[in-house]
Amino acid sequence: MTRVQFYHNTPDRLALTCELAAKAHEGGRKVAIRVADGAHARRLDQHLWTAEPLSFIPHVLIDSPLAAETPIVIGLADSHVSWPHADLLFNLADDVPPHFDRFRTVIEIVGRNEADKLPARARWQHYKAHGAPLKAFDAESRSAL
């Protein structure tokens, strides 16, 4: 059963995604990151390159020939993505990822504004209706809600 974790009250969604993805990679996990569109993908790509000045967070876009062998893959919500692995999915889009139940864990990063919160509530209800075990965290205090 896919577990779903929501990180609410996030001041910077990209920064938290990069931090958690880097930690997951350090722990040997494979990461898929689903973003809303190409502009978000470019910003995330840039953020992953510059997040830690002396570290390397290996990542590629889903259409790269290296996607299957790269631990962190970025894909667009508006395309029919065939993820090369099914360990950990970060969802930064407003909708529920198709076939989310293929993944071991789904991470939802939710910002502070209502434009982020409203679709996140709908996603929570969707996951709940599908019986997924849910956990919520306050991203700023790093505590369970």
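Quick notes on this structure:
- Within region 60-84, if we keep just the residues that are outside any loop (DSSP other than H, G, I, E, B) and not small (Gly, Ala, Ser), the residue that is surrounded by the most Cβ atoms within 10 Å (Cβ to Cβ) turns out to be Ile74.
- Count of region 10-36 residues which are within 16 Å of Glu52 (Cβ to Cβ), among the small types (Gly, Ala, Ser) and within 10 Å of the chain's Cα centre (by Cα): 1
- Candidates Ala129, Ala36, filtered to the one that is surrounded by 12 or more Cβ atoms within 10 Å (Cβ to Cβ) and either touching a residue at least 40 places away in the same chain (Cβ under 8 Å) or out of contact with any His (no Cβ under 7 Å at 6 or more places or on another chain) (or both): Ala36
- Here Ile57 passes the criteria (1) modelled with pLDDT of 95 or more; (2) not in a strand (DSSP E or B) except the one numbered (1).
- Among the residues of region 1-22, just one is aliphatic (A, V, I, L, M), in contact with a helix residue (DSSP H, G or I) (Cβ under 7 Å, 6 or more places away or on another chain) and surrounded by 23 or more Cβ atoms within 10 Å (Cβ to Cβ), namely Val4.
- All positions within region 103-145 that are in contact with a strand residue (DSSP E or B) (Cβ under 6 Å, 6 or more places away or on another chain) and of a type in the set (Phe, Trp, Tyr): Phe103, Tyr127, Phe137
- Matching residues, region 39-57, being buried (at least 18 other Cβ atoms within 10 Å of the Cβ) and either aliphatic (A, V, I, L, M) or within 16 Å of Thr70 (Cβ to Cβ) (or both): Ala41, Leu44, Leu48, Ile57
- Residue within region 101-112 that is under 17 Å from Lys23 (Cβ atoms), modelled with pLDDT under 95, in a loop (DSSP other than H, G, I, E, B) and out of contact with any Gly (no Cβ under 7 Å at 6 or more places or on another chain) present: no
- In region 1-33, the residues that are in contact (Cβ under 8 Å) with a residue 12 or more places away in the chain, outside any helix (DSSP H, G or I), within 22 Å of Asp116 (Cβ to Cβ) and out of contact with any strand residue (DSSP E or B) (no Cβ under 7 Å at 6 or more places or on another chain): Pro11
- Filter result for the condition that a residue is in contact (Cβ under 8 Å) with a residue 40 or more places away in the chain, surrounded by fewer than 19 Cβ atoms within 10 Å (Cβ to Cβ), not acidic (Asp, Glu) and not in a loop (DSSP other than H, G, I, E, B), over Ala122, Ala136: Ala136
- Applying the criterion of being polar (S, T, N, Q) and modelled with pLDDT under 95 to the residues of region 66-100, the residue that is farthest from Phe56 (Cα to Cα) is Ser79.
The values are calculated or read from the model by the stated rules, or taken from the named source; none is laboratory data. Treat the numbers as computed from the prediction; the structure is a model and nothing was measured. Every residue, glycine as well, gets a Cβ built from its backbone with ideal geometry; the counts of neighbours run over all protein chains shown.
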